[in-house]
1. Kindly provide the helix-only [θ] at 222 nm of chain A, computed as the sum of -39,500 (n - 2.57) over DSSP H runs of four or more divided by all residues, to the nearest 500 deg cm²/dmol?
2. Given the pairs B:LYS64/B:LYS104; A:LYS343/B:LYS29; A:LYS277/B:LYS343; A:LYS167/B:LYS152; A:LYS130/B:LYS181, which are separated by over 30 angstrom at their Cα positions?
3. If I take R0 = 22 Å and measure r between the Cβ atoms of A:GLU78 and B:LYS64 in this structure, what FRET efficiency does the formula 1/(1 + (r/R0)^6) give, to the nearest 0.05?
4. If the label for B:TYR162 sits 7 angstrom from Cα along the Cα-to-Cβ line, what are its distances to the same label in every other copy, in nm to one decimal, shortest first?
5. Based on the Cβ-Cβ distance of A:LYS157 and A:LYS181, what FRET efficiency does E = 1/(1 + (r/R0)^6) give at R0 = 30 Å, to the nearest 0.05?
6. Would you look at the GNM of chain B, springs on alpha carbons closer than 10 Å, and say which of B:MET160, B:MET304, B:MET24 moves the most?
7. How large is the charge dipole for the stretch B:3-84, taken about the Cα centre, if only the Cβ atoms of Lys, Arg (+1) and Asp, Glu (-1) carry charge, to the nearest 20 debye?
8. Distance between the C-alpha centers of the stretch A:166-224 and the stretch A:269-344? Whole Å please.
Protein chains: 2
Amino acid sequence: MKLAILFGGSSFEHEISIVSAITMRKVFKKTELSFIFIDAERQFYLIEPEKMKSNFFSSAAYKKSKKLVLKNGAFSSEGLFGSKAVVFDVLLNLIHGRDGEDGKIASLMEFYAIPFISPRLEASALSYNKLYTKFLAQNLGVKTLPYQHLSKNEERKLTMEYPVIVKPVRLGSSIGVSIVKNDQEFDYALDVAFEFDTEVIIEPFIQGVKEYNQAGTFTREWELSIVEEPHKEEFLDFEKKYMDFSRDSQVLAATIDDALASKIQDTFRKIYDPLFKGAIIRCDFFVIENEVYLNEINPIPGSMANYLFDDFEGMVERLSQNLPKEQTIRINYDYIHSIQSAKGKA
Amino acid sequence: MKLAILFGGSSFEHEISIVSAITMRKVFKKTELSFIFIDAERQFYLIEPEKMKSNFFSSAAYKKSKKLVLKNGAFSSEGLFGSKAVVFDVLLNLIHGRDGEDGKIASLMEFYAIPFISPRLEASALSYNKLYTKFLAQNLGVKTLPYQHLSKNEERKLTMEYPVIVKPVRLGSSIGVSIVKNDQEFDYALDVAFEFDTEVIIEPFIQGVKEYNQAGTFTREWELSIVEEPHKEEFLDFEKKYMDFSRDSQVLAATIDDALASKIQDTFRKIYDPLFKGAIIRCDFFVIENEVYLNEINPIPGSMANYLFDDFEGMVERLSQNLPKEQTIRINYDYIHSIQSAKGKA
């Protein structure tokens, strides 16, 4: 199989997308990889696999790579003798944050008919925005923590008790997130979060809450990862998570009983199906008094959460063969013809 | 001002988008218009204004027009002597249904940095899907009718009393919509709706309910249309609505008292701000016992609901000068640099 890895993007998580993409070179052993980079100006570049090192990007050396243009069915380079398409079977969207997780890349791939692994447009819009994730969970009957939603121009009045956690509505990787224990910290946390987004979501912060991560996908059947218990500080900070994006070796499953594991997996399946078909996602859960709460959906998890799977490479290939198809719409100009006949023009 | 009208698209409403676009030629009197057509294969064409007649499209004569490619900042035609950009200040997204209303065009315009009038990505995703519109209304404290959500593979069990109205979750212009009075009709209505979508929404059908439409936008200030009371049969069918897309003359305001009018307008503003900034939308409301219920959001209304406004052309120009700006994200490779120094590479 030939797989194109799309990475970079105009995102606060641009750099960790590069780290994720570099990690993919170690993870895929039989698959032929192409690398397509989106730089800060949203120009596409074809990156030779042996150039996949972080300083190739940070030094701007990538700018000498072949530029690509997206057209119907292909990424193409334009040359003197016409355009040449990058050849691959399926594209893996590995852009964390804006562009990749918000639905833009899904839109572009669908519009230009490129087969792709990623949450589709609606799944992206709902999971990228933490407020909309609450709507979704509520509708599915999945528990989440209570929350308060606050916009930049609203009065800064907290309706719950400290400690709370303040998160920008639209960012991943813990960027702009703070734990807050009093009014002064609350004010500062809002200043920080509003640097990144016009809206925040506030939730109770539960010291020592049990956290479990479940990744998975649906190919011809469910392929769920082990349940992971992430090791954490007070909460995962960005630098810590950042290192996480380069993980390529397997971790041990959390030591939980089968009943809890299957509760977590059932909740994962409820969230995934059918909205996330075509994607490999990771859901982060809290477990409180033996009840499972959705904390976050990671629509494009760091290094695709490869380290949680037994056979990540095989799974990507199976998923590639079972991607959702866009509905065919036949356009036949029936209505225009009928109006024209009514007007005596046809 | 130079305005590009984007129309067509891979949508069940492709033809009515053409009708809407043709109508714009009559509506804009001082503005210089370009027309960019997306055909069923999602190829872009630059259409000369004098060719803007319905049979130019239904006869496939448009295929001889100049093909365009979307690149950063421009739609360009490729010629022997390099590429040439179509020159305009702002693009008006006039694609009804899929591509235009679902967020794909918003994604493309934002990705490629083309200034555009249209709901943005999140606003599109929430308003294109009638289930998500319910989530949104609920969160905003806007009343809607009770509903049942049903997927294609679920048991066809109705949880409310007849008569009901069955609607595909993702279509506009009354396509696939049925009013249902008994079990047999219900089954048939689901067959019809599932031709168009994998999910439907079912609501009580209230004979003779009062309907009012309110269109508007926010430029430097609120610019709201008159409140219209649409004339209707049992409900507006597609052919009827279709003719509606070519309307270019003003209608009379509904005869309602000021209190109800301002209730409708307050509800409109609540829905619009801030999610729909950058767009001209129309909201269709029911009024039941003097309470306002949101029926539907039309994120890209037929012929932009121009006939509801006093000064539609001026409003489009004012909106063009007050479009929301995408957040600037500076990418500086700080994290990669810091990792490189930690590894002794920098």
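Rule-based calculations on the coordinates, nothing more; no lab input. Computed from a prediction, not measured in an experiment: that's the story for all the values here. Positions of Cβ are generated from backbone atoms using ideal geometry, with glycine treated the same way; all protein chains shown enter the neighbour counts.
1. On the way: 10 runs with 100 residues, N = 346.
My calculation for chain A gives -8500 deg cm²/dmol from helical runs alone.
2. On the way: B:LYS64/B:LYS104 26 Å; A:LYS343/B:LYS29 26 Å; A:LYS277/B:LYS343 39 Å; A:LYS167/B:LYS152 36 Å; A:LYS130/B:LYS181 40 Å.
Cα-Cα > 30 Å for A:LYS277/B:LYS343; A:LYS167/B:LYS152; A:LYS130/B:LYS181; rest within.
3. Numbers: r = 23 Å, r/R0 = 1.06.
For R0 = 22 Å, the calculated efficiency reads 0.40.
4. Spelled out, the distances from B:TYR162's label point are 6.2 nm.
5. On the way: r = 17 Å, r/R0 = 0.57.
According to the calculation, E is roughly 0.95.
6. Highest fluctuation of the listed residues: B:MET160.
7. Values: 13 positive and 8 negative charges, 55 e Å.
Using only the charged Cβ atoms, the result is roughly 260 debye.
8. Spelled out, the Cα-based centre of one part sits 23 Å from the other.
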